[in-house]
Structure formats: C-alpha cells, structure tokens
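The values are calculated or read from the model by the stated rules, or taken from the named source; none is laboratory data. Since this is a predicted model, take the numbers as computed values, not measurements. Glycine gets a Cβ as well: all are built from the backbone with ideal geometry, and neighbour counts include every protein chain shown. All accessible areas refer to the heavy atoms of the entire protein, side chains included, with ligands and DNA or RNA removed. Shrake-Rupley method; radii C 1.70, N 1.55, O 1.52, S 1.80 Å.
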Number of protein chains: 2
Amino acid sequence: MTKEDARDCCDMRGMLGFLILFLLSKKPMHGQELAGEIANRKGEKKPSPGTIYPALKSLRESGFIVEERDGKTIVYSLTERGENALKLAKRKFVKTFFGVFQD
Amino acid sequence: MTKEDARDCCDMRGMLGFLILFLLSKKPMHGQELAGEIANRKGEKKPSPGTIYPALKSLRESGFIVEERDGKTIVYSLTERGENALKLAKRKFVKTFFGVFQD
DNA sequence: TTATATATATCGCATATCCAATATTATTAT
DNA sequence: ATAATAATATTGGATATGCGATATATATAA
C-alpha cells in the first residue's frame, strides 16, 4: 500500500475554496500563512501561488472575503456573506461526510 | 444568501471516489442504491449513470472494490486493498478538515 | 538609492471531474 | 418468446481545478 493509493480516492480536488473559507473563519491570515496551514493539514507541500491567489480572488469576487493590506502582506478575512456561505457549506459537508470522523 | 452560495465554496467536486469508498465500507451496495445514498447525504438529485459507473469502474481498476452480480444488480464491496486505501484517505481527510465538525 | 527578499498576481495549460445522452445487459411479466 | 422495466456501461464534451512559470509590488537592508 503506497501513499499514492490514498490520493487516488481522496485528493480533495475541489475542496480548496471551502478549506480556505473555513481556515480564515478561524483566524484571518495572509496568503502564505494560509498556504502553510493548508500544507500542514494535508501533509503536502504548500499550494503554489498559481493555486492560492486565484482561489482567494475567486472568493473575494464572490464577496466571501475581504483583503486588508498589512505591511508586506495582505490579510484575508471573512465577510458576513462569507460567514453565511460557510455555515451552509459546513452543514452540507457534515451531512455528506457524517460518520467519516468516527472510529 | 442563496443556495448557490454554498455550492460556490463547497461543491465537493473530487470527493466522489472517497465518498463511495466510505459508503461501501459501511455496507456493500449496488450502484443505484449507492447513488441514492449520495443524493440523500448531499441533498441533491442522484448522480447520473455517467457519474457513478465510471467512478465505480475506476475504483475497481485501482483494486479498491470488487463486483458481485446479485440478480438484477451488482453489489460492490471493498477489497482489503480498498480498506487500506480508505484508512489512509480517512486519516488525511480528518487531519485536513479537523475542526469543521465542531460548533 | 539600489539591491534583495518576500508576498502577491496573472497567464496558459494539462488534467480531472461530472453530466447528458445513448447503448447494453439482465430480470420479470405477459 | 416478447415486451417492459430497471440496472449497468460507455462515450463525448463542457467545465473546473490546480500547477508551473513568470511578472509585479512592497518592504527591508545595504
């Protein structure tokens, strides 16, 4: 059983927006901090700039997050609209994957 | 806040293989039964045949599931290899989404 | 000011994902 | 045997996803 086997059925493609929204709801962060947190959780290398910034841009364009420059970095945090979207998405997520966290 | 907002950040694209593997680990099922279970959990209509059967085929080709004809239907269940892959995938999933199930 | 380092942004692309439509197979009813 | 029903299988294609490469911006150091 190789590491690849796990990825084959769970690469989590498509969950990036949700994961970002969730992480930012716990703590506003700048892009690289966020990328590091994602890398930690997934046990992979940091998602590339071409992954993280377009994802953030998309969330901003949906009105889910706002950006605030803080020195060299930009801190991203949820809007109220983002909080609501996350709440709905979490509900669906929990319902869909109910039981996975057991055992 | 519309229903679309939730999908925008959590359509779970890419998690189908994982979800199928998880569901079959709880109970061997045939394709349509599986599709129904997925529909229930996601609160959507049943994934189309063009979604579910290629996904099952892929899992079979990876050696994660086996098929056994039972009258009109085919019952899918996990192989040992599938069990192991699921265990690894669950570990990663839990680590990645730790905290989402809280509150 | 200039150079360096780091964060952010964008673009093009390979690939994955899922769906609609259609075809096939197997079972059951007539 | 034939028709009707339901499950399974396949194919083509539209779209989404995330990466690598590259460019830009900002701050700090020299």
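Summary of values
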quantity	calculated
In Hz, Karplus ³J(HN,Hα) per residue of the range B:73-87 (6.51, -1.76, 1.60; θ = phi - 60°; x = Gly, Pro)	10, 10, 9, 9, 8, 6, 8, 5, 4, x, 4, 5, 4, 5, 4
Heavy-atom accessible surface of the range B:13-96: percent carbon and sulfur, 1.4 Å	50
Kirkwood hydrodynamic radius of the protein assembly as shown, Cα pairs, Å	18.0
Per-residue mean of C-beta atoms belonging to partner chains within 10 Å, peptide B:79-92	5
Residue closest to axis [chain B; rotation mapping onto A; Cβ; Å]	B:Gly14, 2
Interface size A-B, as summed buried accessible area [1.4 Å probe, Å², nearest 100]	4100
Residues of the protein assembly as shown: accessible area per residue with a 1.4 Å probe, Å²	54
Inter-copy label distances at A:Ile74 (7 Å, Cα→Cβ; nm, one decimal)	4.8
Inter-copy label distances at B:Glu44 (7 Å, Cα→Cβ; nm, one decimal)	2.0
At 7 Å out from Cα toward Cβ: A:Arg60 inter-copy label distances (nm, ascending)	4.8
Cut-off under 5 Å, modelled amide H: who pairs with A:Val75 long-range	A:Glu68, A:Arg69, A:Asp70
Helical contribution to [θ] at 222 nm, DSSP H n ≥ 4, -39,500 (n - 2.57), averaged over the protein assembly as shown, rounded to 500	-18000 deg cm²/dmol
Integer Hz, Karplus 6.51/-1.76/1.60 couplings in order for the range A:17-23, x for Gly and Pro	x, 4, 5, 4, 4, 5, 5
Span per principal axis, largest first, for the Cα atoms of chain A (Å)	46, 29, 21
Environment charge of B:Lys90, counting only residues whose C-beta is closer than 11 Å and scoring Lys/Arg +1, Asp/Glu -1	+2
